[in-house]
Amino acid sequence: MNANRNVERGQATRAHIIDVATGLFAAHGYDGTSIDAVLSESGVSRGSLYHHFAGKDVLFMAVLEAVGARMAEQTTVALQDARDPVDVLRIGCVQWLRQASEPVVQQIMLIDAPTVLGWQRWREMDERSTLGFIRSAIAYAADAGAVDQRHVDVFAHIVLAAANEAAMMIALASDSAAALREAESALTAFLDRLLGPQGQ
């Protein structure tokens, strides 16, 4: 019984540290957030923090995973009414752009992650989590005759790059709301040209 309580307490402490660190990283960026700031804000001991996270880079990775998990949950909800893989792609791209307008996603996922993880590692993570479902959607469109089968893989990479560049444009814009409107309209038009207008 005591062992279970200790595990639960440890999990709660870890989640609390991640929650506090998420707010600090979002507000001040990776370079502007120190371990001392996390300790002060969270109220945990240094020993407790280092028991869960070996360093700031490990803590950032846990924060990044937590933000990614929350984004995935939001996307799953948004996709509930999707009719087919192409619809999944359209809705998923729009959802990604809307998430890119959130300050936490902007700072942690788009601005800090490529630098902290390194561009290659960040790109590999993005491809593992996203490229497969984009390829599936375009392959579905190809089976329906909307896309040349020879171009499925290349088009999947192009769509991923386009969505990420649009998201980065939103993250770096002085007016995120205006940038979101422009990016959403442009990406929708791009997908319509590639896959055919929505509803057809």
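Quick notes
A quick yes/no check of all residues on (1) in contact (Cβ under 8 Å) with a residue 24 or more places away in the chain; (2) under 28 Å from Ala142 (Cβ atoms); (3) not hydroxyl-bearing (Ser, Thr, Tyr):
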{"residue": "Ser42", "(1), (2), (3)": "yes, no, no"}
{"residue": "Phe60", "(1), (2), (3)": "yes, no, yes"}
{"residue": "Val63", "(1), (2), (3)": "yes, no, yes"}
{"residue": "Ala66", "(1), (2), (3)": "yes, no, yes"}
{"residue": "Leu79", "(1), (2), (3)": "no, yes, yes"}
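- Filter result for Leu89 (without any contact (Cβ under 8 Å) to a residue 60 or more places away in the chain, over 12 Å from the mean Cα position of the chain (by Cα) and farther than 18 Å from Leu172 by Cα): no
- In this entry, Val152 passes the filter for residues that are of a type in the set (Val, Ile, Thr), buried (at least 18 other Cβ atoms within 10 Å of the Cβ) and farther than 30 Å from Asp57 by Cα.
- Residue match in segment 179-188 (condition: of a type in the set (Gly, Ala, Ser), within 29 Å of Val63 (Cβ to Cβ), assigned to a helix (DSSP H, G or I) and at pLDDT 95 or above): yes
- Unmet criterion (only one of (1) touching a helix residue (DSSP H, G or I) at 6+ places or on another chain (Cβ under 8 Å); (2) at pLDDT 95 or above; (3) assigned to a helix (DSSP H, G or I)) for Gly10: (2)
- Qualifying residue in segment 131-142 (condition: closer than 18 Å to Gln106 by Cβ and surrounded by 14 or more Cβ atoms within 10 Å (Cβ to Cβ)): no
- Cross-chain or 6+ apart pairs with Cβ under 7 Å, segment 142-163 first and closer than 29 Å to Ser101 by Cβ, then part of a helix (DSSP H, G or I) and basic (Lys, Arg): Ala156/Arg135
- Residue among Leu117, Leu194, Leu180 that alone is of a type in the set (A, V, I, L, M), more than 25 Å from Gly23 (Cβ to Cβ) and in contact with a helix residue (DSSP H, G or I) (Cβ under 9 Å, 6 or more places away or on another chain): Leu194
- Test: residue in segment 37-54 that is at positive phi and either at pLDDT 95 or above or in a loop (DSSP other than H, G, I, E, B) (or both): yes
Conditions tested, residue by residue: (1) surrounded by 11 or more Cβ atoms within 10 Å (Cβ to Cβ); (2) in the same structural domain as Arg98 (by TED's automatic domain parsing); (3) within 13 Å of Ile108 (Cα to Cα).
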position	(1), (2), (3)
Asn4	no, no, no
Val7	no, no, no
Phe25	yes, no, yes
Tyr30	yes, no, yes
Ile35	yes, no, no
Ala54	no, no, no
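The values are calculated or read from the model by the stated rules, or taken from the named source; none is laboratory data. Owing to the predicted nature of the structure, the values given are computational and were not obtained by experimental measurement. All Cβ positions, even for glycine, are placed from backbone atoms using ideal geometry, and neighbour counts span all protein chains on display.
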